[in-house]
Amino acid sequence: MVFKKTMLAILALYLITFLHGSSYAITSQESYSDGSEKSFWSFGVPRVLDWSDYGLAVGTSTGHLLVYDHHGSLRWERRLNYTSTWDVSWSDSGELAVVSLGPPGVLYVFNHDGALLWSMESEHQANSVAWSGDMLAVGADSLMVFDKSGKLLWSKGGDTLAVSWCGYHLAAIMCLGGPEGTWGVYVFDKEGSVLWGLHGFLDKISWSSKGDLAILETSDGVVYVFDHYGSLKWSKYVKEVEPSSLMWLGDLLAVGGRGGVVVLDERGEVAWKYELEYCVQAISSYGDFLLGVGLDSGNFTLLDSRGNMLWSYWTCGYVWAIKFYSDKIAIASSDGYVHVLDGSGTLLWKRKLGFHVEAVALHRGLVAVGGWDSNVFVLDLEGNVKWSSETGWVAHLAWYEDLLAVGGYSDLYVFDEEGSLKWSFSLGKVRSLSWSSSGLLAVGLSNGLCVFTKDGTLLWGYRVPDWVISLSWSGPLLAVGVAGEGVFVFDEHGGLKWFFKSTERNATIPWRVSASWWRDALIVVTDKTYALDKQGDVLWSREIYGTVIAPGKDFVAFGGAMGIYVLDEDGELEWSYTPPESVKPKEYYTKPYPQYVYCLSWMGNCLVAGDWLGLVLLFNETGDLMWSYCMGSAAFSVSVENGTITIGGDGGLLIKKIPLISEPKKMLLKLPVPYDKFNLAYINKTLLYMNGSTTIIPPQYLCSPGFTVSNETAYAFLEATLSSSAPIQLTLMTESELKEFTRTRSIGSKLTWTGKEINVSVQLDPGTYFLVLRSTEQAEVSYFIKAYESSLPSFEEARVYLPIGIVDYGVTSLPEGRIGYSYEYVETWGLAEIRELYATRPFDDDEMKHCLTLQLNAFLHVKAKSGWQVYWVQNIVILDTETKRLRLLNNLWNATTYPISMLNRQLVKGNGSIAKEMRAGDYYFYIVERWMDYSYPLTILLHLSVKMEDGTVRLEFGKSIANEPVELYDAVLLHVNPNTACFKVDPTTYPLSDLELVLAGPSGVKPKTVVERIDANLKLLVNINGELIPIPTAYSHGYITHERVKGVYASYCGDYVVRLSSGKATPTQVYYSTKTLPSMQLLWIRDPLDIFSGVKLIEMGRGLEVPIGYLIDLGNRTRLILKSYEYTSKNEVTLNWGRQYYISATSDYGVVEGIGWYDEGDEARITISPIKFEEDSKTYKFKGWEENGTLVSASPTYVFKVQFPTTLKAKWTVEGLAISTELLINIIIGVLIAITITLVIMLTRRGGALSH
């Protein structure tokens, strides 16, 4: 009976089987951010499925949701979140619920047309959704049940991993009660009451059609089956497989895992078993009759209810999910496709969503991409497929010249750039690939390695105990990292040179062993991080920073679980980038915090990293994060070339172009205002030079040598002057036009000039050119022909040290194009106004831990009898930002022999002496031993000047600290017999001659200085022909200076001032000039009170901005006032202060005038009026002015010389008092009455005393 039902089901699937077609082309979903990056296959790989009458819903690893109709047409698509879509469920009425994992986990509910009905966010993760009628259960950081409108019906606290309905009974795997609750499976009724539960760390649940609930505990391999009421029917320890999934098949229970599928009957006994070599990833049933099994090998197998295999289908990826619907089977595979099959296993249609990219390799503008697909792809940088070839899964890719090596899971392939297979070799799974510089291909396998020539000849092989994880060539030496063992080093003929495991005798070696050559050292990660020389001797060892190694030009980078670490050649930590100790779950996805770095690569001086969350990070050399991007899922492989980054992973392919400093390519040949006062400065390279005469006899013609204008050039010109006795024709041809002309004698070029006199000046685009000269009659021709290209140098070294400040390179990027200019000057002034500054050097000793420097750096050019000499001159202030102390020093380097400085001790004289730096050579230095205390705000003025004196070059180093007068603290004499000497800004010299006032570290040794707080303004001026002007262009970063800083952002704040504040140090042009540069005047302000003393830079013709009338209250009604200023010399101003006193006067009557502040020595005039005043029949008369009770003046107007604060009081008298007769009588009567009363009292007291 079972067999008959199975056959009927298969027949039903056959009846409407059709093939809708397959989509194998890259229909890339591109996402752009700023135009410099493109992503392909960015939907991610399909992870979850649900199928209903409303369509096939597919959730992907990068947070996308797609709905297809039954024929494979995309109905709608939504981007849900930046994390994986974790579950999806259709309701009977067409609502689609979906959760993205998070954090934050988000629930979305759409209608069947894709309109969002409602949504909800969970603080942590969202794991599961399931409908029952109009009720929606959601498993997140709590268990929640909603109606279809989004109204919460009830909830239970506690993380919930899975939910499943049977009618109106809801089973949930959760920690009921919250963090302090108990994990288990709980069954609720529709009102939210707990019916029963099973405690423990349980993993899978499945309801049968009869209402039995199966529960799997994978850690112990035990299956429990309960009836609808919670009674245990049976339990069983499954030993036949390592269980990971379960599904009911009618009354039978299928348990899948590593080793296959075991099916248990109603009593828990084994009904049958289907053995499989790989692990079961997904399992699903079709009624009581069919069981679909998906493996991590990419196979999908359909079994009947007796365990017979009906057919199998390979998807080229992990089978993540299976869904039956009517006559069809949908399979979600990590190969990036959704496959839809009929009941016979025939492919109806499949759709490419994304691509699980395992490897990328970028070479000559071609991007090779391989992963869980049956093909390897080669794309251009725009994402167009140049070619593809079937190879099966691809894990490793490597280019050598025009050859691409492809390492798969069974074979090795080598193609040329056009996609032609050159050779292949069956080796088994390829674990690593590496080409040598001489074209030998090393291939790492699961138990050995092989080395081939580039034409496919096997040279030698070697068997090892485990996987060959890493391969690295250095000339003829091959380093081989073997999992759990150590590193073998062979010569190119297969001879074992040496083996390294650890410096510890009984060290435990982790499984992942890495090795990579860097310069002349081999970097090895086993139980520690080691640097070995080519003989295998240990140079240094450090802790393990990570197992992903990226060797760069100057540093080696490590990536791993803890983030990114960059070490120098001595093994010292240069910088690191790690997540904070405390990170909120959501921040892993919303902040640039690396989580287990999978891939790492240097691109010049920039470091690119990708992690398991799909986060792509780009750092500059000093560790500043310059750019980040989230691919949505793990980034496994990175490859870089010429400013282009390619990253591959579970989120597809990302191609990113990195313009560090974006500059227009066009160069202007005329300097605009205000740069027209300087000299035009370009570097010209001659491509063709012809000067002479010749005779042309038809039909002969003359053809010049070919010349090529490079793609990198900014400007190229052809200039030609020809004079002929007869008309001639000059034609400029490309290489293809010349071939056509040679064959047909026809002129296809539009660049043709004719006549007896020809003058040509034409700009050339990149390409290869030829000049053809011919005539229709014999002609005597004289000619001068020159082709050249002009360019401006890059003023960044291969290594950007990033001292930050205000810098002029003689290069400007204007809106209309680029210009190069040069100028000479005899002195420069650098002004710094610092309001706040605090720095630290994380790994330095205590003495320099909080130090940095302010440097005024210039290039001195001396023309001597022996030729031109160039010196690099530095005037420096060292600031200890912890103790608030500073001191001065200066340096002089011979840049003529750059990068090595050589100075003759006999030719350089000053306060300092000659020292030797190990790498840079000899240099002059002088350091002022005395430290000076300082406080904020702090003004620093640094000065450099040069002049010729008695056959020598005199360099002067000046300074002004905290508004002190400018002081010359060192003068250096160069005895070089000079003809001329000046400072110079010139982009065409080597090294490039710039001028800079920059903030930098205290020395060229590591590590860099981290500026934690800064608020400062910088201004830089030069004296050209007696005129002091600001530099016309300012960049934010220095050039030669090797002392680095981090955390300083430069911006323009007007008036040729650059502001430094806390932020990311980014090389950029801060300002350029469009109007005439102002002539500046340097003034020293002398203030007797030392309040406004200091150096001021003002524009010529503009008055000095001094706060006339500024007041200082001294107390006791005394103050100082800034009265005026006067020029005591051309560059000196003295401020004049005055003392003032307050004169006050009071009076009981009348009005007082003249009260107020008076200058010391002035006359005060205090008046009162009127001087008589009547009140209440009285007449008051002004008597005089009193001071401290002493009458000082009887005059109503008191005039006196002000010498101190004074307080006056008006004195008044009563004039002409008259008493009336009536008042006098009343007074007399009152007195008599008082006397009488007094006498009576006295007599009464005496009488009483006598009676006693």
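The table below lists the values:
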quantity: Of the GluC sites (Glu not before Pro) in the stretch 1044-1139, those whose Cβ has at most 14 other Cβ within 10 Å and which sit in DSSP loop; calculated: GLU1105
quantity: Cα gyration tensor, the stretch 683-791 - rounded (a/c under 1.5), prolate or oblate; calculated: oblate
quantity: Centre separation in Å (Cα based) which lies between the stretch 239-315 and the stretch 893-954; calculated: 81
quantity: LEU74/TYR278 FRET efficiency (R0 25 Å; Cβ-Cβ; nearest 0.05); calculated: 0.20
quantity: Additional length obtainable on full extension of the chain from LEU116 to THR897, 0.36 nm per residue less Cα span; calculated: 274.2 nm
quantity: Percentage relative contact order, the stretch 683-791, counting C-alpha pairs under 8 Å, at least six apart; calculated: 53
quantity: Assigned charges on the beta-carbon of Lys, Arg, Asp, Glu; the chain dipole about Cα centre (debye); calculated: 1500
quantity: Within the stretch 148-218, GluC sites (Glu not before Pro) in DSSP loop having at most 11 other beta-carbon neighbours inside 10 Å; calculated: GLU180, GLU191
quantity: Distance violations [Cα-Cα > 26 Å] among LYS865/LYS909; LYS386/LYS739; LYS959/LYS1064; LYS677/LYS909; LYS190/LYS233; calculated: LYS386/LYS739; LYS959/LYS1064; LYS677/LYS909
quantity: Distance from the stretch 603-658 to the stretch 988-1065 (C-alpha centre basis), Å; calculated: 29
quantity: Rounded to 5, the percent of DSSP beta bridges in the chain classed as antiparallel; calculated: 95
quantity: Pairs of alpha carbons in the stretch 825-1074 whose separation is greater than 23 Å (percent); calculated: 49
quantity: Angle between the chain longest axis and helix 1221-1251 axis [Cα atoms, degrees, rounded to 10]; calculated: 80
quantity: Lys/Arg +1, Asp/Glu -1 at C-beta; the stretch 683-791 dipole; positive extreme among SER710, PHE784, THR686; calculated: PHE784
quantity: Value of relative contact order over the chain, rounded to a whole percent, pairs C-alpha under 8 Å and six or more apart; calculated: 5
quantity: Those lysines that a straight Cα-Cα span of less than 28 Å connects to LYS497, excepting residues fewer than 8 apart in one chain; calculated: LYS429, LYS454, LYS528, LYS534, LYS553
quantity: ASN1131 versus LEU153: modelled label distance in nm, points set 7 Å from Cα along the beta carbon direction; calculated: 8.8
quantity: In degrees, nearest ten, helix 735-744 long axis to first principal axis of the chain (Cα); calculated: 50
quantity: Contour excess over end-to-end distance, with Cα ends at ARG835 and ASN447 and 0.36 nm allotted per residue; calculated: 133.2 nm
quantity: Net charge over other residues, Cβ less than 10 angstrom from the Cβ of ARG75 (K, R count +1; D, E count -1); calculated: -3
quantity: Between 0 and 90°, nearest 10: helix 2-15 axis offset from the chain longest Cα axis; calculated: 70
quantity: Cα-based Lys proximity count in the stretch 1110-1246, under 29 Å, for pairs eight or more positions apart or on separate chains; calculated: 16
quantity: Extension gain, SER1062 back to SER312 (0.36 nm per residue minus Cα-Cα distance, nm); calculated: 263.8 nm
quantity: Packing-based ranking, highest mean first, of 65-77, 686-698 given that Cβ atoms within 10 Å are counted; calculated: 65-77, 686-698
quantity: Relative contact order computed over the stretch 103-212 (Cα-Cα under 8 Å; 6+ residues apart), in percent; calculated: 16
quantity: Kirkwood hydrodynamic radius over Cα pairs of the chain, then Stokes diffusion coefficient at 37 °C and 0.692 mPa s, in µm²/s; calculated: 84
quantity: Residue list for the stretch 286-319, given a label point 7 angstrom along the Cα-to-Cβ vector of SER209 and an amide N cut-off under 18 Å; calculated: 286-292, 303-307
quantity: Spin-label pair ILE509/SER420, simplified geometry with 7 Å Cα→Cβ offset, distance in nm; calculated: 4.3
quantity: Order by protection proxy (mean Cβ within 10 Å, highest first), peptides 540-547, 940-947, 647-654; calculated: 647-654, 940-947, 540-547
quantity: Sequence ranges 1186-1195, 989-998, 165-174, 433-442, ranked by mean other-Cβ count within 10 angstrom, highest first; calculated: 989-998, 165-174, 433-442, 1186-1195
quantity: Packing-based exposure ordering (other Cβ within 10 Å, fewest first) of LEU607, LEU276; calculated: LEU276, LEU607
quantity: Positive-end extreme of charge dipole, the chain - chosen from ASN506, TYR1071, PHE1173 (charges on Cβ); calculated: PHE1173
quantity: Computed label-point distance, nm, for sites GLU1186 and ASP220 using a 7 Å Cα→Cβ extension; calculated: 10.7
quantity: Label-reachable residues, the stretch 811-844, where backbone N falls under 14 Å from a point 7 Å from ARG1013's Cα toward its Cβ; calculated: 835-840
quantity: The chain - mean residue ellipticity at 222 nm from DSSP helices (-39,500 (n - 2.57) per run, n ≥ 4, rounded to 500); calculated: -1500 deg cm²/dmol
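Where a number appears in this text, it was derived from the coordinates with a stated rule and is not lab data. Here the structure is a predicted model, which is why all the values come from computation and not from measurement. Counting neighbours? That spans all protein chains shown, and the Cβs are built from the backbone with ideal geometry, glycine included.
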